[in-house]
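Input: a single structure, listed below in structure tokens.
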Amino acid sequence: MSRKEQELVFQQELREQLLDGKIDRREFMSKTLTAGLGIAGIGVAANFGTSMAQAARPLTPTFYQWIEDLHPSIPKVNSRFTDVNYQIAPVEGFGIERFVAEAKKGASTWDVYVGQTPFVEMTAMIEADVIEPWDNYIPRDVLNDIIPSIREECTINGKLYGWPFLLDVIGTGWHSGIVKKAGLPDDAPATWQEYLARAQQVVDSGAAQFGATFDAHGWRSVAPFTHSLSSDCYTSEGLFDFTGEAAIEALMLMKNIMRDSHPDILLAGASDAGVNGTPDEVAFAAQRVGYYNKYFNAPLRMAQYWDNPKDLKMGPLPKFAGGEGSTVFWTTGAALFKHGQNKEKAAEYVKALTYDMQIWKDSIAGTETGHPGHLPPYKSIYAKWNSNRPSWLPDFVGLVRGQLDQAKAITNHLFGLQQFIIGQSVWETYLKGEEKNPRVAMQNVVDAVHAEMKRG
């Protein structure tokens with residue numbers, strides 16, 4: 001065997017040891033130099049080793065089951081790739097604790113995690129060194145296509161750590177049959193004053209037992225109602241400004257709506273730790289209420305139980321007089337694991353997924369497996385629909401798109417979600433009449449949040 005052939009055999013042996021984990025990259029390079037292969041040999045061998053490592057497993061994304069249930073075209077997108085090991089997130093042992101444990105070992109079971117909500121876990125994932133930015137992989141035209149407020153939501157320190165997929169927006173739904181029976185216009189109230197007046201008329205006319213309802217739990221009311229007055233509702237440290245004028249007005253609005261709502265509105269839901277099966281969902285599904293404020297997924301799900309689901313109409317949130325008239329939104333998107341593989345392929349895959357038109361038709365118009373109501377994050381898709389509107393596209397999509405230029409997501413913070421969990425029982429003292437002054441109630445929220453932050 002010639003010396004050249006011997007070098008090639010030895011190179012191959014080293015590559016196999018590297019891929020099998022028997023040696024690390026530092027030892028690989030050391031042995032290569034010791035063998036006299038030189039810098040050029042290291043470059044060739046290392047590059048080959050990297051490509052082989054990436055090819056050693058296919059692109060491995062993981063999704064939550066609920067995402068696939070609500071978007072049945074995802075497997076069709078998968079079929080366009082020959083090397084995708086698509087996985088549903090395991091029920092047990094899946095979450096940031098596992099991600100951190102794997103990252104400490106320089107490994108990751110998955111390449112992409114489709115299920116990240118920025119204000120819920122993105123900051124923690126970054127601080128734990130679990131994920132890396134998409135900036136080196138996402139095409140520039142795609143980055144610039146993301147609606148600016150959504151791009152801001154997914155960005156920390158100038159880097160895009162979340163590639164947005166499903167956009168959830170809180171707006172207004174109403175029962176067209178009830179509204180017409182009450183002698184009211186079949187459209188979304190423009191202001192909260194008009195909303196309250198209409199809710200009262202629903203009750204006074206006998207058209208329905210209750211005029212209005214909303215999801216009173218956590219951030220899902222106080223945050224969007226605050227945003228309908230102003231998007232400038234966060235402190236310099238990135239927390240929600242509970243004592244700001246906009247938040248105070250939102251809290252008083254919640255109490256005003258409750259006058260024409262069902263008495264159990266503050267009770268927890270019946271499933272998923274109280275998140276789902278909430279009293280607002282039950283009331284709207286039973287056609288006992290005229291107007292409804294929640295993320296669009298909820299009324300779309302509830303209306304499927306009606307004799308005539310087409311009685312459901314949806315539009316943007318009302319605004320306060322002189323207010324901005326926006327809402328709060330959040331995305332569920334893709335995170336890129338720092339120690340995953342196939343990162344360029346991951347970008348190709350997420351682009352294909354998020355630009356697939358069948359995905360968006362199913363998402364908005366509904367399917368046999370669900371009525372998600374999720375919207376796309378890209379300017380170009382709305383522009384395309386605006387110039388050539390599909391027959392299946394409901395009116396609310398265009399109305400909500402207009403709010404996204406002013407809307408702002410809940411800011412990224414380790415306590416982004418926790419602050420509302422801590423605060424709910426405190427601001428409810430005002431809603432229940434235990435605390436008469438809304439400002440005192442909200443100051444107590446701030447005190448409770450800061451106390452918990454000090455405890456770590």
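For this structure, a couple of remarks:
- For the range 414-432, a tally of residues being outside any helix (DSSP H, G or I) and surrounded by 20 or more Cβ atoms within 10 Å (Cβ to Cβ) returns 1.
- Some residue of the range 94-108 being in contact with a Leu (Cβ under 7 Å, 6 or more places away or on another chain) and either closer than 20 Å to Asn342 by Cα or not in a loop (DSSP other than H, G, I, E, B) (or both): no
- Condition check for Gly277: within 24 Å of Asp232 (Cα to Cα) and either buried (at least 19 other Cβ atoms within 10 Å of the Cβ) or small (Gly, Ala, Ser) (or both): no
- Residue list for the range 154-178, restricted to those being in a strand (DSSP E or B) and within 15 Å of the chain's Cα centre (by Cα): Thr155, Leu160, Trp163, Pro164, Phe165, Leu166, Leu167, Asp168, Val169, Ile170
- Filter result for Val397 (crowded, with 17+ Cβ neighbours inside 10 Å and either assigned to a helix (DSSP H, G or I) or in contact with an Asp or Glu (Cβ under 8 Å, 6 or more places away or on another chain) (or both)): yes
- Within the set Ile170, Ile178, the sole residue that is in contact (Cβ under 8 Å) with a residue 24 or more places away in the chain, under 30 Å from Phe210 (Cβ atoms) and out of contact with any helix residue (DSSP H, G or I) (no Cβ under 6 Å at 6 or more places or on another chain) turns out to be Ile178.
- Test result for Lys255, outside any helix (DSSP H, G or I), of a type in the set (D, E, K, R) and not assigned by TED's automatic domain parsing to the domain that holds Phe119: no
- Selection status of Thr411, touching a strand residue (DSSP E or B) at 6+ places or on another chain (Cβ under 6 Å) and under 28 Å from Pro318 (Cβ atoms): yes
- Condition met for Ala451 (of a type in the set (A, V, I, L, M) and surrounded by fewer than 16 Cβ atoms within 10 Å (Cβ to Cβ)): yes
- If you go through the range 331-367 and pick out every residue that is more than 19 Å from the chain's Cα centre (by Cα) and in a strand (DSSP E or B), you end up with 1.
The values are calculated or read from the model by the stated rules, or taken from the named source; none is laboratory data. Every value quoted in this text rests on a predicted model; they were computed, and no experiment measured them. Every residue, glycine as well, gets a Cβ built from its backbone with ideal geometry; the counts of neighbours run over all protein chains shown.
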